[in-house]
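This report concerns only the one structure given below.
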Amino acid sequence: MAASPHLVDRLWPDPATGLALDDALASYRPPRVDGRPSVTINMVTSVDGRAQVDGTAEGLSGRTDRRLMRLYRAAHDAVATGAGTVSAYGAWLGIPDDLVRGRRPLSVVIAGTSPVDVARWHGGDERRLLIVGAGNPQDPPSGIELLRAHTARPDPRWVLDRLAERGVASVLLEGGPTTNAAFLAAGCLDEVCWTIGSSLVASDALPMIAAIEGGSPFASAPRPGSLASVLRNRDELYLRYRFEPAG
Ligand SMILES: NC(=O)c1ccc[n+]([C@@H]2O[C@H](COP(=O)([O-])OP(=O)(O)OC[C@H]3O[C@@H](n4cnc5c(N)ncnc54)[C@H](OP(=O)(O)O)[C@@H]3O)[C@@H](O)[C@H]2O)c1
């Protein structure tokens, strides 16, 4: 029996009700940026903007958001995650066959100074790339390409250059908040896909993007974005914002 479709209302643009989520996303394409792969963040938060519950994102959203996450993954050339997320929750690309168009995205983990427990990174048919900082004592993992940066923590622009060499034109960055902040600080953030779950957390958990180390250039001059799309399923909202490349 075929699975029932996830239905959404499109609130903006072109309002429509009862659309199949897959159809609502059919025309989605990642941004295209001159000179480097584009970077789209995909994150879920509570109503009050927290990206963690008990140390993971579990429970912040439902099944429709998981399908949406897979649709976004399938649309990108690479899907990247920070090492903190792998230790907190693990990583698995998990794109169902019906969503794979051509090849599966490259699965990327970005680590800094500490080794990654690759047993928590579950692989399938996709290529996997582990990027680590210069002094990271990581052993080369079996079946995973290991790339070492020249700095203690890989510089996001350097990461994007290495991904471009591997044919990547678009990256879906799935957190965590610290890695998101590093890409924003480096001027490499072009789109934000933001699911707002319907709960309140009111803890000191991290938000979607952590505070930028050394101070945020946007603290007194917020970076403007433009709203590209708003979808809704029951009590959840799925927002998408585009940001012009930083000058
Ligand atoms: N709500 C959501 O949608 C969502 C999505 C993803 C994750 N999460 C949650 O977020 C939490 C993990 O987030 P996190 O912010 O702690 O970890 P993270 O962003 O996943 O990883 C941070 C680590 O990445 C390494 N790193 C590599 N390059 C870096 C750079 N240029 N700048 C800074 N760090 C770099 C550092 O490791 P070293 O310290 O070893 O140098 C750093 O500690 C978990 O609770 C996870 O469940 C939520």
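Readers should treat all values here as calculations from the given coordinates under stated rules, not as data from a laboratory. These figures come from a predicted structure and were not determined experimentally. Methodologically, a virtual Cβ is constructed for each residue, glycine included, from the backbone with ideal geometry; neighbour enumeration extends over all protein chains shown.
Write down Rg/Rh for the stretch 118-235, rounded to two decimals, with Rg from the C-alpha atoms and Rh from the Kirkwood relation over Cα pairs. Intermediate values should be presented prior to the final figure.
Details: Rg = 17.0 Å, Rh = 17.1 Å.
In the stretch 118-235, Rg relative to Rh is 0.99.
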Normalised convex hull volume, the chain, alpha-carbon set, Å³ per residue: 141 Å³
Would you kindly state how much longer the chain becomes between S114 and E244 on full extension, computed as 0.36 nm times their sequence separation minus their alpha carbon distance, in nm to one decimal? 43.5 nm
Kirkwood Rh, angstrom, the stretch 68-192 [1 / mean 1/r, Cα pairs]: 14.5 Å
Can you find, among A186, L146, V132, the residue sitting farthest towards the positive end of the charge dipole of the stretch 100-197, where Lys and Arg contribute +1 and Asp and Glu -1 at Cβ? L146
Assign unit charges at the C-beta atoms only (+1 for Lys and Arg, -1 for Asp and Glu), then state the dipole size of the stretch 18-129 relative to its Cα centre in Debye, rounded to the nearest 20. 280 debye
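Rounded, prolate or oblate: which fits the stretch 1-56, taking a ≥ b ≥ c as square roots of the Cα gyration tensor eigenvalues, rounded meaning a/c under 1.5, else prolate when a/b beats b/c? Walk me through the intermediate numbers first.
Details: a/c = 1.79, a/b = 1.11, b/c = 1.62.
In terms of gyration-tensor shape, oblate.
Relative to the compact-globule scaling 2.2 N^0.38 Å, provide the ratio for the alpha-carbon radius of gyration of the stretch 1-111. Walk me through the intermediate numbers first.
On the way: Rg = 15.3 Å, N = 111, 2.2 N^0.38 = 13.2 Å.
Relative to the rule-of-thumb radius for its length, the stretch 1-111 sits at 1.16.
Report D for the stretch 151-220 in µm² per second (integer): Stokes-Einstein, Kirkwood Rh on Cα pairs, 25 °C, 0.890 mPa s. Don't jump to the answer; show the numbers that get you there.
Details: Rh = 13.9 Å.
My calculation gives 177 µm²/s for D.
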Based on C-alpha coordinates, I'd like the Rg and Dmax of the stretch 111-161, in Å. 11.0, 30
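About the Cα centre of the stretch 68-179, what is the dipole size in debye to 20, counting +1 per Lys and Arg Cβ and -1 per Asp and Glu Cβ, all else neutral? If you can, show how the numbers build up before the last one.
Values: 13 positive and 12 negative charges, 23 e Å.
Value, rounded to 20: 120 debye.
Quick check: convex hull over the Cα atoms of the stretch 192-234, volume per residue in Å³, rounded to an integer?
106 Å³
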Find the centroid of the Cα atoms in the stretch 184-214 and in the stretch 125-146, then give the distance between the two in whole Å. 26 Å
Angle, helix 63-75 long axis vs. longest principal axis of the chain, Cα atoms, 0 to 90°, nearest 10? 60 degrees
Amide H to amide H under 5 Å from V230: which residues, 5+ apart in sequence or cross-chain, H placed 1.01 Å off N in plane? L11, W12
